[in-house]
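Student: Encoded as structure tokens, here's the structure I'll be asking about.
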Amino acid sequence: MQKLGLNEIREKFLNFFESKDHLVLPSFSLVPKDDPSILLNNAGMTPMKKWFTREEEPPSLRIATCQKCIRTPDIDNVGYTARHGTFFEMLGNFSFNDYFKEDAIKWAWEFVHEVLEIPYERLAVSVYESDDEAYDIWHDIMGLPAEKIFRLGKEDNFWEHGVGPCGPCSEIFVDRGEEHGCGKPNCEVGCECDRFVEVWNLVFTQFKRLEDGSYEELSSKNIDTGAGLERFAMVMQDVDNLFEVDTVRAIIDAVAKKAKRKYHNNDSTDVSLRVVTDHIRSTVFMLADGVRPSNEGRGYVLRRLIRRAAARGLLLDISEPFLCDIAEVAIKLSKSAYPELEDRKKEILKELAAEEQSFRNAVEHALPSLKELIATAKEKHEPIPGSELFKLHDSYGLPIDLSGEIAENYGVQIDRAGFDEAMARQKERARRNHLDNLSSAWTSMVLPAAVQQSNKTKFLGYDEELIATEAKLQFILEQVDDELVEREKTEPNKQYYLIFDETPFYAEAGGQIGDTGEILAKDQLVAEVQDCQKKNGYYLHQTFAVGELIRGQQYTLAIHAQRRLDIMRNHTATHLLHAALRQILGPEAEQRGSLVHPDYLRFDFSSRRGLTPEELGAVEDLVNEEILKNTDIHTEEMPLEDALEMGALALFGEKYDSLVRVMKVADFSVELCGGTHLDNSAKTGLFHILSENGIASGVRRIFAVTGEKALDYKREQREQNRTISALLGVRESDICRKLEELVQEKVELEKQYKKLKQAQNKDLGLSLLDDIQEIKGLKVLLAPVEDLAAKELRELSDQLVQRGELDFLLLVSAIDGKVLLLAKASNSAIDSGYKAGELVRMAAQELGGSGGGKPDYAQAGGKNPKAIPEAIAKVRSALEA
């Protein structure tokens, strides 16, 4: 058996299955497409679900991939064991109703035994306990003796994922030797020890699990195999775990060098080195696939990975940001198989640097709160409560390990169990929210078999002049629960999905919403088309029937022409906007999403900052200049390779067919796009940006209007200007000058008001000095005041404490229907047991509010000004008690 690198194994696998007539596809993006059941692709077959269910037609009946995957359920265990990791690569070969068990088994054995040359005596296999067919193939055809074939139960050798396709498995194991075993006499395949490593799982998808838990045989049987690339590398390199595999160990060594530490020299150091190594692998791939750090969804997963890695850097005493240096190593090791890493390297490093610095800033902000918790824990001789540590984790992203180490340096313990409990509650909430989506991982309405066996719908809508056509009604489908049921005719006042042989209706795709319109029979309305969607090449016209339609008859399909024109204006303008943004901001301004609506367009793009008013104006001017050029717009179909060669812009992460449509506006914009467009830029009419704002870290959003809607906006602006000029009593051209004068007057009035207020507060302070009382030898002032904001309360409190030499002060201000409280306590008061934080909290509760703070200074808020006398009385009683 020859020692092979991870990259060599991947290449051998894909070449092997290419020789078996498989179409080798590049890895799908980590971001799942049209699958709400998962945040990130976590298995080789996950992006192919619709091919398995036949909702969509696969590009080949035989496919092989190496899919990048991320799984995070065990993220908290990463580093503490050498088994756990978040990122891995999954090798897989797939058959869609082509070959089945015999070929899958035969080729898997050929690859492991003949291509990788893993010795026969080290190999063993398992089958599902009742799968005699698989057992017989291994035994009778492949010639394996019975002692090498193990029958295992459903938990180990039957694959299913909620309702949908499922089936028995057969797994291939490698015996790593007795030295890796548990020493028990019955140690064999299925044992929990490290001796027998499962390297390949062959899933025979031959059943469908139903809602009631029963199974039915599938007419179209599939093969879905998965082999962990890192596991294969462990075997071929004879190493103990994934962190010792060549490409992974190279990253560990880079981190160790940066930290001036050695791997395998200290357990806690090893944990940190493994965490950084694993998390940086996940991070670079997620960033390359367009995921950006945020506080929800996959963006939160990414943020957590980066921050955990950055925290481990702090624990390793790496004083400066370092993750970009490690990312460069990870990119270099994987860029041959994943060129997008090198192509997007600049953006990856930019995003990573910003997030690492953000985390370091957050740690600085969190440290005062943590030190306050440490001081309180020291005073009470108790561990820091886990619930408080979880708040720091949740609010600032401060990892528990970092909090624990800092606390330990002060001689304070932490309540790790309480933290874990709070974390578990949060995970349970997330799990419950996710369960509904997870249960529907396979479920979506499947087209009836008769539809799937018929010809696809021919789309005629690229012809701008074509707004109506005759077409034959092929299928009438009615939704009954989660199924589409065929009907021969419609009934009035009911919803249906209609499929015609051809149509001018555009089906929603690529951000452009579907067309609406009418279906006519002899010029009489028989159905209203409310939307149009596409499934596997079939155009489903979502209709409301007002009359009777009969399957097989001819009807006139007419789209709403003005609505389509408005949509085309906005879609063409979307491309012009994208090109203009790239001119102003540079090529890093890439599309992150869009919505093309008849009333407006929405465009999301990558940018770390908002546009200045001048930049927004420049973008708008560029688009309008291109509109005024009266440029012809050309769209044509061509092979994908030719389109990319001519410079057409493709959206990263999108999967394109071999034949694509290219939309070209002179040399200003050239993009791949399957939507409907104008044939001349001047037909856009006018373009106006309504707003620009951030929607996530590194992602901005623009709303804009075109054509008639842009004119409407300009008309509204004109009317507003007329109204404003009338109110101000000036000409429209003098509005800005007049407003500047009014603003300056306002500034002067505010200055005068501030001086008056300060004088009033000074007088108020002097008058309040007369209300100072002595309670148990302490000078105390408990005073209600009117209409003082928080800043004014602070200034007044400073004045009173200084002049009156107070030991305890409580000010309660009623302002705008609410209550603000401020308390201060001297060291003498604190020593006597009078703590500002506790007393102000007591008062706030009486006022229907909350708050608190330190023993010497605290603030709070309340909702019930009428209860101020009772709140002050309660504090006075506490002081006197």
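Student: Would you call Lys33 touching a strand residue (DSSP E or B) at 6+ places or on another chain (Cβ under 8 Å) and either assigned to a loop (DSSP other than H, G, I, E, B) or loosely packed, with under 15 Cβ neighbours inside 10 Å (or both)? Give the steps one after another, and end with the answer.
Tutor: Working: touching a strand residue (DSSP E or B) at 6+ places or on another chain (Cβ under 8 Å): no; either assigned to a loop (DSSP other than H, G, I, E, B) or loosely packed, with under 15 Cβ neighbours inside 10 Å (or both): yes.
So Lys33 fails the test.
Student: Of all the residues that make up segment 621-648, how many are open to solvent by less than 40 Å² (accessible area, probe 1.4 Å), among the hydrophobic types (A, V, I, L, M, F, W, C), part of a helix (DSSP H, G or I) and within 26 Å of Gly461 (Cβ to Cβ)?
Tutor: 4
Student: Only one of Leu473, Leu477, Leu484, Leu498 is farther than 17 Å from Leu549 by Cα and assigned to a strand (DSSP E or B). Can you tell me which?
Tutor: After applying the criteria, what remains is Leu484.
Student: Would you be able to tell me the number of residues in segment 298-309 that are open to solvent by 40 Å² or more (accessible area, probe 1.4 Å) and within 20 Å of Ser37 (Cβ to Cβ)?
Tutor: Adding up the residues that qualify gives 2.
Student: Among the candidates Pro119, Pro145, which residue alone is open to solvent by 30 Å² or more (accessible area, probe 1.4 Å) and touching a residue at least 40 places away in the same chain (Cβ under 8 Å)?
Tutor: Within the list Pro119, Pro145, the selection yields Pro119.
Student: Give the residue that is farthest from the chain's Cα centre (by Cα), with candidates limited to residues of segment 557-599 that are hydrophobic (A, V, I, L, M, F, W, C), surrounded by fewer than 22 Cβ atoms within 10 Å (Cβ to Cβ) and not in a helix (DSSP H, G or I).
Tutor: Ala558
Student: Among the numbered criteria (1) within 26 Å of Tyr538 (Cα to Cα); (2) within 25 Å of the chain's Cα centre (by Cα); (3) free of Cβ contacts under 8 Å to residues at least 60 places away in the same chain, which one does Asn41 miss?
Tutor: If we test Asn41 against (1) within 26 Å of Tyr538 (Cα to Cα); (2) within 25 Å of the chain's Cα centre (by Cα); (3) free of Cβ contacts under 8 Å to residues at least 60 places away in the same chain, just (1) comes out false.
Student: Quick check, is Gln67 in contact with a helix residue (DSSP H, G or I) (Cβ under 9 Å, 6 or more places away or on another chain) and open to solvent by 20 Å² or more (accessible area, probe 1.4 Å)?
Tutor: Criteria not met by Gln67.
Student: Which one of the conditions (1) surrounded by 13 or more Cβ atoms within 10 Å (Cβ to Cβ); (2) closer than 25 Å to Leu273 by Cα; (3) at pLDDT below 90 does Asp394 fail to meet, given that it meets all the rest?
Tutor: (1)
Student: Can we say Glu614 is in contact with a Ser or Thr (Cβ under 6 Å, 6 or more places away or on another chain) and in a helix (DSSP H, G or I)?
Tutor: Against the criterion (in contact with a Ser or Thr (Cβ under 6 Å, 6 or more places away or on another chain) and in a helix (DSSP H, G or I)), Glu614 does not qualify.
Student: Tell me, please, whether a residue that is open to solvent by 30 Å² or more (accessible area, probe 1.4 Å), touching a Cys at 6+ places or on another chain (Cβ under 8 Å) and modelled with pLDDT of 90 or more can be found in segment 324-345.
Tutor: Scanning segment 324-345, I find at least one residue that is open to solvent by 30 Å² or more (accessible area, probe 1.4 Å), touching a Cys at 6+ places or on another chain (Cβ under 8 Å) and modelled with pLDDT of 90 or more, so the answer is yes.
Student: Suppose we keep only residues that are part of a loop (DSSP other than H, G, I, E, B) and among the polar types (S, T, N, Q) within segment 277-297. Which one would you say is least open to solvent (accessible area, probe 1.4 Å)?
Tutor: Per the stated criteria, the residue is Ser294.
Student: OK, next. Go through segment 778-881 and tell me which helices (runs of 4 or more DSSP H), entirely inside it, have 1 or more residues that are open to solvent by less than 10 Å² (accessible area, probe 1.4 Å) and hydroxyl-bearing (Ser, Thr, Tyr).
Tutor: Per the criteria, 790-804.
Student: Give the number of residues within segment 371-391 that are over 23 Å from Tyr300 (Cα atoms) and surrounded by 15 or more Cβ atoms within 10 Å (Cβ to Cβ).
Tutor: Of the residues in that region, 7 qualify.
Student: Considering every residue within segment 389-412, establish whether at least one is touching a Gly at 6+ places or on another chain (Cβ under 7 Å) and not hydrophobic (A, V, I, L, M, F, W, C). Let's see the steps before the verdict.
Tutor: Initially, segment 389-412 is screened for residues touching a Gly at 6+ places or on another chain (Cβ under 7 Å), giving none.
No, because not a single residue in segment 389-412 is touching a Gly at 6+ places or on another chain (Cβ under 7 Å) and not hydrophobic (A, V, I, L, M, F, W, C).
Student: Residues of segment 13-30 being open to solvent by less than 20 Å² (accessible area, probe 1.4 Å) and within 13 Å of Ser95 (Cα to Cα), which ones?
Tutor: Phe17, His22
Student: Looking at (1) part of a helix (DSSP H, G or I); (2) modelled with pLDDT of 90 or more, which is the only condition Arg304 fails?
Tutor: Among (1) part of a helix (DSSP H, G or I); (2) modelled with pLDDT of 90 or more, the lone unmet condition for Arg304 is (2).
Student: Here is a follow-up. Restricting to segment 826-874, name every residue that is of a type in the set (A, V, I, L, M) and out of contact with any Gly (no Cβ under 9 Å at 6 or more places or on another chain). Reasoning before the result, please.
Tutor: Residues of segment 826-874 that are of a type in the set (A, V, I, L, M), as a first pass: 829-830, 836, 839-840, 842-844, 847, 858, 860, 867-868, 871-873.
Hits for segment 826-874 are Ala829, Ile830, Leu839, Met842, Ile872, Ala873.
Student: Could we say that Ser797 is under 25 Å from Lys866 (Cβ atoms) and either without any contact (Cβ under 8 Å) to a residue 40 or more places away in the chain or among the polar types (S, T, N, Q) (or both) here?
Tutor: Spelling it out, Ser797 is indeed under 25 Å from Lys866 (Cβ atoms) and either without any contact (Cβ under 8 Å) to a residue 40 or more places away in the chain or among the polar types (S, T, N, Q) (or both).
Student: Can you find even one residue in segment 70-87 that is within 30 Å of Leu144 (Cβ to Cβ) and either in a helix (DSSP H, G or I) or in contact with a strand residue (DSSP E or B) (Cβ under 7 Å, 6 or more places away or on another chain) (or both)? Write out each step before concluding.
Tutor: Our first condition is that a residue be within 30 Å of Leu144 (Cβ to Cβ); within segment 70-87, this holds for 83.
If we keep only those that are either in a helix (DSSP H, G or I) or in contact with a strand residue (DSSP E or B) (Cβ under 7 Å, 6 or more places away or on another chain) (or both) as well, we get none.
Scanning segment 70-87 turns up no residue that is within 30 Å of Leu144 (Cβ to Cβ) and either in a helix (DSSP H, G or I) or in contact with a strand residue (DSSP E or B) (Cβ under 7 Å, 6 or more places away or on another chain) (or both).
Student: Only one of (1) open to solvent by less than 20 Å² (accessible area, probe 1.4 Å); (2) closer than 19 Å to Leu690 by Cβ; (3) part of a strand (DSSP E or B) is not met by Arg602, so which one is it?
Tutor: (1)
Student: Moving to a separate point now. Criterion first (free of Cβ contacts under 8 Å to residues at least 24 places away in the same chain, basic (Lys, Arg), over 17 Å from Lys68 (Cα atoms) and out of contact with any Pro (no Cβ under 8 Å at 6 or more places or on another chain)) does Lys345 satisfy it?
Tutor: Criteria met by Lys345.
Student: Please work out if Arg274 is in contact with a Gly (Cβ under 7 Å, 6 or more places away or on another chain) and buried (at least 24 other Cβ atoms within 10 Å of the Cβ).
Tutor: Yes, satisfied.
Student: A follow-up question, please. Suppose we filter segment 140-184 for residues that are under 41 Å from the mean Cα position of the chain (by Cα) and among the basic types (Lys, Arg); how many remain?
Tutor: 3
Student: Also, I was wondering about something else. Which one of Val235, Val203, Val174, Val197 is farther than 30 Å from Ser319 by Cα, touching a Lys or Arg at 6+ places or on another chain (Cβ under 7 Å) and surrounded by 18 or more Cβ atoms within 10 Å (Cβ to Cβ)?
Tutor: Val174
Student: How many residues does segment 649-688 hold that are outside any loop (DSSP other than H, G, I, E, B), small (Gly, Ala, Ser) and either more than 22 Å from Pro587 (Cα to Cα) or modelled with pLDDT under 85 (or both)?
Tutor: Summing the residues that are outside any loop (DSSP other than H, G, I, E, B), small (Gly, Ala, Ser) and either more than 22 Å from Pro587 (Cα to Cα) or modelled with pLDDT under 85 (or both) in segment 649-688 gives 2.
Student: When you scan segment 257-268, do you find a residue that is under 25 Å from Val699 (Cβ atoms) and of a type in the set (Ser, Thr, Tyr), even just one?
Tutor: No, because not a single residue in segment 257-268 is under 25 Å from Val699 (Cβ atoms) and of a type in the set (Ser, Thr, Tyr).
Student: Can you work out which of the residues in segment 674-704 that are aliphatic (A, V, I, L, M) and open to solvent by 50 Å² or more (accessible area, probe 1.4 Å) is farthest from the chain's Cα centre (by Cα)?
Tutor: Leu690
Student: Something else about it: Which of the residues that make up segment 480-515 are under 25 Å from Val662 (Cα atoms), out of contact with any Lys or Arg (no Cβ under 6 Å at 6 or more places or on another chain) and open to solvent by 10 Å² or more (accessible area, probe 1.4 Å)?
Tutor: Those that are under 25 Å from Val662 (Cα atoms), out of contact with any Lys or Arg (no Cβ under 6 Å at 6 or more places or on another chain) and open to solvent by 10 Å² or more (accessible area, probe 1.4 Å): Tyr506, Glu508, Ala509, Gly510, Gly511, Ile513.
The values are calculated or read from the model by the stated rules, or taken from the named source; none is laboratory data. If you're wondering where the values come from, they're calculated on a predicted model, not measured in any experiment. Note that we place each Cβ from the backbone using ideal geometry, even for glycine, and neighbour counts take in every protein chain shown. Accessible surface is based on the protein model in full, side chains and every heavy atom, while ligands, DNA and RNA are left aside. Shrake-Rupley method; radii C 1.70, N 1.55, O 1.52, S 1.80 Å.
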